[in-house]
Amino acid sequence: MRSKSREHLRREKSGFEVLSDGRLEAIDAQVEDWGAARRAGTGTLFERLELCLEKLPERLRQAVGAFYFGDQPGEAAAASLSVPAAALRKRLHAATGGDPGGSDRADEAA
């Protein structure tokens with residue numbers, strides 16, 4: 001699989017860096033270390049962030065995912081969730097600790 005990927009990148013000259021087998025193995029080892037740390041509960045900031053996201057109610061987690069991780073502007077993220085932009089903003093505000101009660105007033109307008 002790596003050979004096919006490498007050949008594709010060479011052929012397309014896409015500007016991506018082709019990683020050596022040694023570098024790929026180092027990345028694989030690092031990913032395994034991250035997984036082990038996560039399972040042990042001793043992970044890095046990103047693993048702790050992921051654990052915090054898992055504790056959010058589903059509607060807040062979806063809002064964070066669509067806006068921050070989906071790399072979508074507000075209107076597109078709201079549309080992907082089928083909610084008004086105001087509801088998305090309210091959910092993001094609640095998810096980031098701005099509204100611990102998680103009020104649904106903007107959601108009710110939908």
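Quick notes on this one:
- FRET efficiency, 1/(1 + (r/R0)^6) with R0 35 Å, evaluated for T96 and A40 via beta carbons: 0.80
- Those residues of the range 67-99 whose amide nitrogen sits under 15 Å from the label point placed on E50, 7 Å along Cα→Cβ: 69
Where a number appears in this text, it was derived from the coordinates with a stated rule and is not lab data. It should be emphasised that the depicted structure is a prediction, and the values quoted were computed from it without experimental measurement. FYI the Cβ positions are ideal-geometry reconstructions off the backbone, even for glycines, and counts take in every protein chain you see.
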